[in-house]
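Structure, as structure tokens:
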Amino acid sequence: MKSFFLGEDFELALIDKFSRYFVRHHLSFRPYHQKAAPLELVADGEEVDVQTVLQKAIKNDGAIFDVRIDDQVRLTKLDVREKDNIAIFLFRRSDPAAGAQVLENRRTRKLRPVEIGTDEYPAVSAHLFVQLKKQRLPNPTYRALMEEVPGLGRTYMHNVLRNTVRQFKYSFRDKKEEKETYSIVGFDGVPSDTVGSALKGSEVPYVELVRPGQIAGLDTGGLVEPREQRMKLMIRADKPHQVIQTLNRIKDWMVDWSEMRVRLDLPEDRSRLISIARTQDAKDVLFVRSIPVTTKKPLATCTDVVNEELVENAQDLFAKKD
């Protein structure tokens, strides 16, 4: 899969029609207050659960994370199939800053830009498959498989789920006193066995430090809007342990920066732009297990319908151990 950048940190790609990579994760929910009962993804009976919270938000077009102006990531569908022990999340991202696709005629080599209307933006979608069987207690944790799509990765999915679920407040009793809490969503990659095997054939050419733009003291009458400030740092380390040490040193040093975005070039011309917060360890974020899957029918770059072939692939992988 060869990819190229069409807009700031929004990556559309020449994605293979018949293959994807699934990235292993664990999805968890815990209450902010430890004495409160956690919400389950799908609860028995009539108890409030995460499914109910998310379905209501989707209906009200509220399961959204704003990357920047008019650049949104949304949860568009949640399909819970209890008989099949699986929940399918469908995310979508559209961005006006992304460039339009250009098509090449295979015979004449002539180029034809894809026309985009005034109110139309390039978009991509990605599935997240979650096994309904809980893995451990006390906080519900579930095995998950994320469809890897450039420009719509774990950070964005996590932000949508975290922000949406956090808005739902529920009550609990603490020493006969009624209190209120909310759920915290964890979305963690399952690390590869070793950093060396994860980095085999891969490299980290650079990282980008990001922070909000500041125009304090500049009186423009609202005619100027600050954009993100960025600094690119080229990485010269090539051995796995040196790469991890270098990234963690940068992370510890970037006190005045809010985010570190790591460019990871992978085998088969794949690449990732991965966000690492100051509180995260580079090894745990970068090197998670990914599995190639194939389909018989072509896969759309963006869809609002669950792809059943990908569901079958996810079910087969859930039947195996991590």
Computed from the mean reciprocal separation of all distinct C-alpha pairs, what Kirkwood hydrodynamic radius does region 14-97 have, in Å? 15.5
If amide H atoms are modeled at 1.01 Å from N in the peptide plane, then the residues at a separation of 5 or more from T141, or on another chain, having amide H under 5 Å from its own are Q135, R136
With all protein chains present, how much of the accessible area of region 114-161 (probe radius 1.4 Å) comes from carbon and sulfur, to the nearest whole percent? 48
Whole-Hz couplings from phi, Karplus 6.51/-1.76/1.60, listed for region 21-31; x for Gly and Pro: 10, 9, 10, 6, 9, 10, 10, 9, 9, 9, x
Round to the nearest 10 and report in Å² the accessible area of R154, as given by a 1.4 Å probe over the protein chains' heavy atoms. 40
Expressed in nm to one decimal, what extension gain is obtained for the pair R289 and L103 from 0.36 nm per residue of sequence separation less their Cα-Cα distance? 63.6 nm
Count charges around Y182 for me, please; just the other residues with Cβ under 11 Å from its Cβ, Lys/Arg as +1, Asp/Glu as -1. +3
J(HN,Hα) series, region 247-255, from Karplus relation 6.51 cos²θ - 1.76 cosθ + 1.60, nearest Hz, glycine and proline x: 5, 5, 5, 4, 4, 5, 7, 7, 4
Using a cut-off of 15 Å between beta-carbons, work out the net charge of the residues near K77 (Lys and Arg +1, Asp and Glu -1, K77 not included). +1
Alpha carbon centre of region 124-139 versus region 239-269: separation in Å? 27
Net +/- balance of residues flanking L218 in space, Cβ distance below 15 Å, scoring K and R +1, D and E -1: -1
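The values are calculated or read from the model by the stated rules, or taken from the named source; none is laboratory data. The structure displayed is predicted, hence computed values, not measured ones. Heads up, the Cβs are rebuilt from the backbone with ideal geometry, glycines too, and the neighbour counts pull from every protein chain shown. Surface accessibility is based on the protein's heavy atoms, side chains included, excluding ligands, DNA and RNA. Shrake-Rupley method; radii C 1.70, N 1.55, O 1.52, S 1.80 Å.
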